[in-house]
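The next block holds one structure in the form of structure tokens; read it before the comments.
The values are calculated or read from the model by the stated rules, or taken from the named source; none is laboratory data. Being a predicted model, the structure only gives us computed values, none of them experimental. Here the Cβ positions follow ideal geometry from the backbone for every residue, glycine too, while neighbour counts run over all protein chains shown. Side chains included, ligands, DNA and RNA excluded: accessible areas come from the protein's heavy atoms. Shrake-Rupley method; radii C 1.70, N 1.55, O 1.52, S 1.80 Å.
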Amino acid sequence: MDSDDDLRPEEEKPPLSQRAEWSDVIPIPQDDGPNPVVPIAYKPEFEETMNYFRAIYLSDERSPRALELTHLVICLNPGNYTVWHFRRLVLEALNVDMYQELDYVERIAKENTKNYQIWHHRRWVAEKLGADVAAKELQFIRKILSLDAKNYHAWSHRQWVLQALGGWEDELDYCRQLLEDDVFNNSAWNQRYFVITRSPLLGGLKAMRESETTFTVEAILANPDNESPWRYLRGLYKGDTESWIDDPQVASVCLKILGAKTNHVFALSMLLDLLCHGFQPNQELRAAVDALTTSNSDPSEPDLGKAVCCILERVDPMRVNYWMWRKSKLPALA
């Protein structure tokens, strides 16, 4: 296997052509044809390494030196799909300890946290090792997310690990911790929804709805202009519109935000959706909407849904055309 010393810059080692262990290999240059349109000026060490790799790849040599060569190419270009694919073939042929390979991938990933090929390779290795590495994988992903909490590759891999290998026990607490650090982290909100809907330990969406609604309402009241918890709140009632309309917590949070008269775009948007699905507002909500109208800019509109659209046209000018369209599609709502 590759040691930590093998991760040092290739310039510190002799060229492959000067190494005795490669003396029997005839390098194969890249063939760009007689008249390449845009020839690439490769660095000498990259060109030489790839020439040797082509020779090994075409001869399908699955040996320790072939494994070392894949490492050299990966150091120069960690996004080379063919090299990673060939590395997997060699690893299987040599029956290499996959725990060592997992450590190797972690070292490579430190400088390439958003490289798709590395994440694909790590999944392959973890799948070989099975449930015993679930905790190790989740801890590794935590390290990556501590550097970039919205790394899509890390989140995708984390969801795969949970579903394929396990480790659900502490995941909801982990999501809570991330949201305490940054309540605007939409990736953490997405992961929280993934957990409550997919975890075999929590009982599903309906079982978690009440506690999650309370958690989400608190997040909304603390930051009304944060779109993520508003979206999350709506998702808690996916496929159950009747419960969404009837839950007093939903109407209550809209009323509280509208009463504050600031950062109320998302509250108005949710109220509009509620109205479109048959929600019957009380007088407090009607009064809250009336209080947001201005005689100079909002026309007198007895229809509550259209009144909400008129306010949104004014307070959300970036989407004024959308709110005008929504208003045109509204049925007569009392």
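Among the residues here, Val90 does not qualify as in a helix (DSSP H, G or I) and either within 21 Å of Val133 (Cα to Cα) or without any contact (Cβ under 8 Å) to a residue 24 or more places away in the chain (or both).
Could you list, in sequence order, all residues of segment 263-272 that are in a helix (DSSP H, G or I) and under 20 Å from Ala219 (Cα atoms)? Selection gives Val265, Phe266, Ala267, Leu268, Ser269, Met270, Leu271. Within segment 295-322, if we keep just the residues that are at pLDDT below 75 and surrounded by 10 or more Cβ atoms within 10 Å (Cβ to Cβ), the residue that is farthest from the chain's Cα centre (by Cα) turns out to be Glu301. For beta carbons closer than 7 Å, sequence separation of 6+ or different chains, a first residue in segment 243-255 that is under 11 Å from Leu271 (Cα atoms) and a second that is β-branched (Val, Ile, Thr), the qualifying pairs are Val253/Val217; Val253/Ile220. Of all the criteria given as (1) modelled with pLDDT under 95; (2) surrounded by 16 or more Cβ atoms within 10 Å (Cβ to Cβ), the one not satisfied by Ser228 is (1).
Residue-by-condition table, conditions (1) modelled with pLDDT of 95 or more; (2) open to solvent by less than 30 Å² (accessible area, probe 1.4 Å):
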{"position": "Ile257", "(1), (2)": "yes, yes"}
{"position": "Ala260", "(1), (2)": "no, no"}
{"position": "His264", "(1), (2)": "no, yes"}
{"position": "Met270", "(1), (2)": "yes, yes"}
{"position": "Pro281", "(1), (2)": "no, yes"}
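Restricting attention to segment 52-77, the residues being crowded, with 18+ Cβ neighbours inside 10 Å and either among the polar types (S, T, N, Q) or not in a helix (DSSP H, G or I) (or both) number 1.
Residue by residue, here is whether (1) more than 27 Å from Gln18 (Cβ to Cβ); (2) touching a helix residue (DSSP H, G or I) at 6+ places or on another chain (Cβ under 7 Å); (3) free of Cβ contacts under 8 Å to residues at least 24 places away in the same chain holds:
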residue	(1), (2), (3)
Thr49	no, yes, no
Tyr52	no, yes, no
Gly79	yes, yes, no
Asp103	yes, no, yes
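If you go through segment 109-122 and pick out every residue that is assigned to a helix (DSSP H, G or I) and out of contact with any helix residue (DSSP H, G or I) (no Cβ under 6 Å at 6 or more places or on another chain), you end up with 2.
Listed here are the residues, each with its yes/no results for (1) within 19 Å of Thr216 (Cα to Cα); (2) out of contact with any strand residue (DSSP E or B) (no Cβ under 9 Å at 6 or more places or on another chain); (3) free of Cβ contacts under 8 Å to residues at least 12 places away in the same chain; (4) open to solvent by less than 10 Å² (accessible area, probe 1.4 Å).
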{"residue": "Lys114", "(1), (2), (3), (4)": "no, yes, no, no"}
{"residue": "Gly130", "(1), (2), (3), (4)": "no, yes, no, no"}
{"residue": "Leu138", "(1), (2), (3), (4)": "no, yes, no, no"}
{"residue": "Ala154", "(1), (2), (3), (4)": "no, yes, no, yes"}
{"residue": "Glu169", "(1), (2), (3), (4)": "no, yes, no, no"}
{"residue": "Gln177", "(1), (2), (3), (4)": "yes, yes, yes, no"}
{"residue": "Asn186", "(1), (2), (3), (4)": "yes, yes, no, no"}
{"residue": "Asn190", "(1), (2), (3), (4)": "yes, yes, no, no"}
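Of all residues in segment 140-152, exactly one satisfies the criterion of being touching an Asp or Glu at 6+ places or on another chain (Cβ under 8 Å) and open to solvent by 20 Å² or more (accessible area, probe 1.4 Å), namely Ala149. The set of residues from segment 5-25 being at pLDDT 90 or above, open to solvent by 90 Å² or more (accessible area, probe 1.4 Å) and assigned to a loop (DSSP other than H, G, I, E, B) comprises Ser23, Asp24. Being basic (Lys, Arg) and modelled with pLDDT of 95 or more is a description that applies to Arg88. The criterion of at least 3 residues that are basic (Lys, Arg) is met by none of the helices (runs of 4 or more DSSP H) wholly inside segment 195-247.
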